[in-house]
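To keep things clear, I will list the structure first and then write my remarks on it.
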Amino acid sequence: MRILHLSMLYPPHILGGAERSVAMLAEAQTALGHRVAAACTTPGAFVREERNGVQVFRMPHETRFWAEEWPQHGKLERGWRKFSQQFNYRLRDHFARVIEEFAPDIVHTHSMVDVSTTVWEAAAERNRPIVHTLRDYDLLCADASMWHDGGPCGVKCKVMTFAKVGRHRLTDGVAAVGQETLEIHRRAGFFDHLPSDLQRVIWNPAVVEGAGEDYERPSREGQPFTIGYLGRINEEKGVGTLIDAARRLRPGNWQVVIAGKANNSLEPFVERAAGLPVTFPGFMDARAFFEGIDVMVAPSIWAEPLPRTILESYAMGVPAIGARSGGIPDLIGHDNAEWLFAPGDAEQLADRLQRAVDHGRERLPGKTAFGHVLRETRPPIVAERYLAFYRDVIAARLARAA
């Protein structure tokens, strides 16, 4: 099968987990013997290259400024860029060129945060089946998170996304990385033209370099019981909730490591953690981070579709405590009450953490407890799930045409 992926970015350009997931999927499909290409945006001219067996088409972004230059621009400029990108017909023309050159059997689109949905028109006009994966809320929300300082989406999001409302009906199948993410889009009226069997939940692939099936964690004997957080440091990710929960823990031989970068200033969080055994080491390599902790916390307040850090944590044999939001319960288990807490509830999180500290690392669950998640997120398994989905989408199109 000839498969063409489209994502806002593709490695080595990475702003989040989506780019890594798309590359992992494309490479896994290539390893299974398929001809795979990936189209993405670039700050320069149109470029063709090959990366780990995947043919990559880097298309000029055709917006007011490149995505990685976002922090350098003011609020007004950012707003105009978001609004106008809905009508980025030049990017559509670039993608049409890619389709005609690569001639895919299926077009698989991913993060549309910085990609106009006019690209779906380019695929539909050339009679190519379209599968879309929901990795966030960019079809509904200007910020793709549905989180605006604790409030719901308003007029701004309607203005910034209104042109996407009609185009979603050009898709032939939709997959979401989490059940709640799919439900949120359904409730908003998206993908109502698709039968239920062409609306699926398929988890992201995830691996940690150097942590294969035979990986064994080094001993942490003699070390303080360490609670870890890895990711962006901001309120919607629940970092404030974690710090407040730490303040409720009884004094003892424990510590908290909050690794990652702040969206704006780290100082408010450092001040909030004053007097606590909490450190902020900045960016850390995933393997080094997980080898230095005993329990990972995913405290997101926003409906995070599928936190990659939980998948990486499990791959490293580290259990996770998570907020009952987004796709977090999908991974931890909806009935696994001891490892879930209400989003933003510091007292409930403190209760879960205190129990883990009191039990000690020897009584923590290991890899066997979350083996089913590890199996379902192995790249070859995820690749096969999508290949089966593609075949069903193509068969449904042929049946409609008959």
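Read the figures in this text as sums done on the coordinates, not as results from a lab. Here the structure is a predicted model, which means the values were calculated and not measured. Methodologically, a virtual Cβ is constructed for each residue, glycine included, from the backbone with ideal geometry; neighbour enumeration extends over all protein chains shown.
Across the chain, Cα pairs under 8 Å and at least six residues apart give a relative contact order of 14 percent.
Using only the alpha-carbon atoms, how far is helix 17-31 inclined from the longest principal axis of the chain? Give it as 0 to 90 degrees, nearest 10. So the helix axis and the longest Cα principal axis differ by about 60 degrees.
To test your reading of the geometry: what angle, between 0 and 90 degrees and rounded to tens, separates the Cα axis of helix 346-359 from the longest principal axis of the chain? Tilt of helix 346-359: around 60 degrees.
Hey, if you put +1 on the Cβ of every Lys and Arg and -1 on every Asp and Glu Cβ in the chain, which of Gly322, Ala288, Ala188 ends up farthest toward the positive end of that dipole? With unit charges placed on the Cβ atoms, the residue in question is Ala188.
Adding -39500 (n - 2.57) for every DSSP H run of four residues or longer, then dividing by how many residues the chain holds, sets the calculated 222 nm ellipticity at -10500 deg cm²/dmol.
The amide H of Leu6, built 1.01 Å from its N in the peptide plane, has Ala39, His108, Thr109, His110 as neighbours under 5 Å, considering only residues 5 or more places off or on other chains. Derived scalar couplings between HN and Hα for segment 54-66 equal 9, 6, 10, 10, 9, 9, x, 5, 6, 10, 5, 7, 5 Hz in order, rounded to whole Hz, by the Karplus curve 6.51 cos²θ - 1.76 cosθ + 1.60 (θ = phi - 60°), x for Gly and Pro. Computed extension gain for Arg375 through Arg81, at 0.36 nm per residue and net of the alpha carbon distance, reaches 101.8 nm. Ignoring lysines fewer than eight residues from Lys158 along the same chain, the ones with Cα atoms less than 28 angstrom from its Cα are Lys75, Lys82, Lys237. If you plug the beta carbon distance of Ser219 and Gln354 into 1/(1 + (r/R0)^6) with R0 = 25 Å, you get a FRET efficiency near 0.55. Taking Cα centre as origin and charging only the Cβ of basic (Lys, Arg, +1) and acidic (Asp, Glu, -1) residues, the dipole magnitude of the chain rounds to 840 debye. Put simply, the amide H of Ala298, placed in the peptide plane, has neighbours under 5 Å in Ile321, Gly322, Ala323, leaving out anything fewer than 5 places away on its chain. The Cβ shell under 15 Å around Ile233 holds other residues with a net charge of -2, Lys and Arg each +1, Asp and Glu each -1. The spread of Cα positions in segment 174-304, taken along each principal axis and listed from longest to shortest, comes to 56, 40, 26 Å. One entry in (i) 21.6, 70; (ii) 26.0, 87; (iii) 20.1, 58 is Rg and Dmax of the Cα atoms in Å calculated from the shown coordinates; its label is (i). Between the listed residues Ile130, Met1, Val239, the Cα displaced farthest toward the positive end of the dipole of the chain, a dipole computed from Cβ unit charges relative to the Cα centre, is found at Ile130. Rounded to the nearest 20 debye, the dipole magnitude of segment 78-134 is 340 debye, with +1 charges on Lys and Arg beta carbons, -1 on Asp and Glu beta carbons, and the Cα centre as origin. Each of Leu32 and Arg232 was given a label point 7 Å from its Cα along the Cα-to-Cβ line. The distance between the two points is 3.1 nm. Output the 0 to 90 degree angle, nearest 10, between the alpha-carbon long axis of helix 379-401 and the longest principal axis computed from the alpha carbons of the chain. For helix 379-401, the angle is close to 30 degrees.
Phi angles across segment 34-43 convert, under the Karplus curve 6.51 cos²θ - 1.76 cosθ + 1.60 with θ = phi - 60°, into 3J(HN,Hα) values of 9, 8, 10, 10, 9, 9, 7, 8, 8, x Hz, Gly and Pro given as x. Using Cβ point charges alone (K and R +1, D and E -1), the dipole size of segment 225-376 about the Cα centre works out to roughly 220 debye.
Our note on the geometry: Cα centres of segment 228-279 and segment 335-402, 25 Å apart.
Can you tally the net charge around His94? Count Lys and Arg as +1, Asp and Glu as -1, for every other residue whose Cβ sits under 15 Å from the Cβ of His94. My count for the surroundings of His94 gives -1.
Rounded if a/c is under 1.5, else prolate if a/b is larger than b/c, else oblate: which is segment 225-376, with a ≥ b ≥ c the root eigenvalues of its Cα gyration tensor? Rounded is the answer for segment 225-376, as its axis ratio a/c remains below 1.5. Remark: spin-label model distance Asn263-Asn52 equals 2.9 nm, labels positioned 7 Å along the Cα→Cβ axis. Dipole of segment 225-376 computed with +1 at Lys/Arg Cβ and -1 at Asp/Glu Cβ about the Cα centre; of Phe341, His359, Ser265, farthest Cα towards the positive end is His359. Compared with the alpha-carbon gap, the fully stretched path from Arg2 to Arg187 is longer by 63.3 nm at 0.36 nm per residue. When each of His73, His13, His334, His185 is scored by the number of other beta-carbon atoms lying within 10 Å, the sequence from fewest to most is His334, His73, His13, His185.
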